[in-house]
Each structure stands twice: as C-alpha cells, then as structure tokens.
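Any read-out appearing in this document is the output of simple, stated calculations on the displayed coordinates, not a laboratory observation. None of these values were measured; they are calculated from a predicted model. Counting neighbours? That spans all protein chains shown, and the Cβs are built from the backbone with ideal geometry, glycine included.
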Amino acid sequence: MDARNNTQEFVISRVFDAPRDLVWQAFTDPERMKQWWGPKGVTVVHSKMDLRPGGTYHYAMRTPDGTVMWGKFVYREITPPSRIVFVNSFSDEAGGVTRHPMAPNWPLQMLSAFTFEAEGAKTRFTVKWSPLNATDEEKATFAAGHGSMQQGWSGTLEQLEAYLAKAA
Amino acid sequence: MADHLSATFAALADPTRRAILARLALGETSVTELAKPFRISAPAVSKHLKVLERAGLIARSREAQWRPARLEAGPLKDAAQWIEHYRRFWEESLDRLETYLKTIQTKEKKRGRTK
C-alpha cells in the first residue's frame, strides 16, 4: 500500500517558522526528536533511531502519572529533506509490535507519511496516517474503493458527530 | 483478540457505506429507502448492509418483514475516539515542536551575535 494513493487518510498540516533543514533534523536526529516528541507533559526517556528503509525509531515516553509507553516507527521510505514514510505502532522495551495497553482493540499499526515543503523561509510539515490492517476484507475494500473515495474521513465523522452526541 | 476497530475502519472505507451510515443517523429505514439516493440496486445495498452489520455498525430488526436497519453507536464511538486520540497526540507534539524550533533558533541567533 502506498501512502500517496491511499485516500483513507487523516491529515494534519502545520507551517513552522523555521527553515526546512532544521525541521527535517528535528525528525531525523534522535536527540532532537527527544526534545519535542509526544503530547504535552510527557518526557521521552528512550530515543534510538536507525534512519534507513527497514530501520526503526524506537522510543519510550513517560507520562505525568509515571506510565512508560513504548512505540516505534519502521521506516519504509526516506527522501531527504522532503519525505518520510513509516509504519507506526505501539511497542515494548524489546522493540516488538504491541497493542495499546489501555485500548487493546485499537489498530495495531498506522501507515504514516511526513512531508516537508519549503515555503519561503518557512516550512510546511504534513503528517498523514491511516490504520494499516491486512485483513482480506480490507484489502478488497481498498481495491474496490480506489479513486472513488473523494470524501475523507473527517467529513464522515462530522456527519456522524450529531448522532454520536445524541447517543452519548 | 479480535480487532474490532479494524473491522470498523474497513467497513467505513467505502463511501457508499459512509453515506448509508449518514442516512441511518437520521433514523432507521428499509433497504428500499436506502437504495433511493444511490445509483445502485437494492441487492447491492443489502451487501453493504451485511458488511456494516458484521462490523457491528448497524443492527437489523428481525421482527418486521422489511427488516429496518439502524445505527449502532458503540463501534462508531470507538473509532471516533481512536482518531481523536491520535490527532491530539500529533497536535500536541507539533505544539511542542514549534516551541522547540523557536528556542533553538533564538539560541543560534544569540551565538551568531557574540561571534
């Protein structure tokens, strides 16, 4: 599956007031990644990177309540300084692929892509991701839905939001 | 362990099925009614409903002969919750990255001035 033509994606984009090389370094140097990776309040306590296709980024985050969460990227494509494709999953100390400890039915792996685009002196960073599951049914669904899937996920969720609020 | 969310996402991957769900959010209805806005046959709609039913996204009444379909909120909520969690993870990481990039650029500028 290619992240570029997989339209079943979620997207977040942000423009940083920093040159592209610097933003690229923030994602490709484990020491730099440690300084910002993870949600508010977490501390990255482990950050090991082997930046090459097939290589991994293995990390651990300590949350404010002391819980340590492991995760990893398995890199698929690295095109400096513009693009990185990887599979993101929860992990453990040994570097295995695990499910989320608090949500065991969450998808095992997320296919993710970073793009870095220079916009003058600034940099547009975009992350796209989608659940990566290799069930036969899903493969068939992807094949059948190709090209016709113009409307993204967010639209559906907006449509269903009212319903979910009502059903809460 | 069964990966319920995978089934949910697979079912949601099809635009017709998403449209069916959006229609069902307005209330339960029959296959015939569901087929109307789409350029597909009632049997095709039935197939989509089967996928949605297997994923637990809808339930179909066995009492009435027209077997009305209705939305089941549970799996949808799980899916929405997962997406929200991952989105928040990224938004907050990127907030921190923004701060980090500002900090190091300020440091580099200061260093440049003392040279």
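Values computed for the structure shown
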item	result
Signed unit charges on C-beta, dipole axis of the range A:10-133, positive-most listed residue A:44, A:85, A:67	A:85
Residue-count net charge about residue B:58 - beta-carbon cut-off 12 Å; Lys, Arg +1, Asp, Glu -1	+4
Selected from B:61, B:93, B:30 as most flexible by GNM, with chain B as the system and alpha-carbon contacts under 10 Å	B:93
Gyration tensor (alpha-carbon) shape descriptor, the range A:10-133, a/c threshold 1.5	prolate
Overall dimensions of the range B:4-114 as given by Cα atoms, namely Rg and Dmax in Å	23.0, 84
Too-long pairs where the Cα-Cα distance tops 30 Å, listed order kept, from A:40/B:50; A:48/B:107; A:122/B:77; A:48/B:77; A:40/A:128	A:40/B:50; A:122/B:77; A:48/B:77
Exposure proxy ranking, count of Cβ atoms within 10 Å, fewest first, for A:123, B:99	B:99, A:123
Rounded tilt (10° steps) of B:42-54 against the dominant C-alpha axis of chain B	60
Within-10-Å neighbourhood charge of residue A:45 [Cβ basis; K, R +1; D, E -1]	+2
Simple Cβ-charge dipole of the range A:10-133, Lys/Arg +1 and Asp/Glu -1, about Cα centre, in debye nearest 20	160
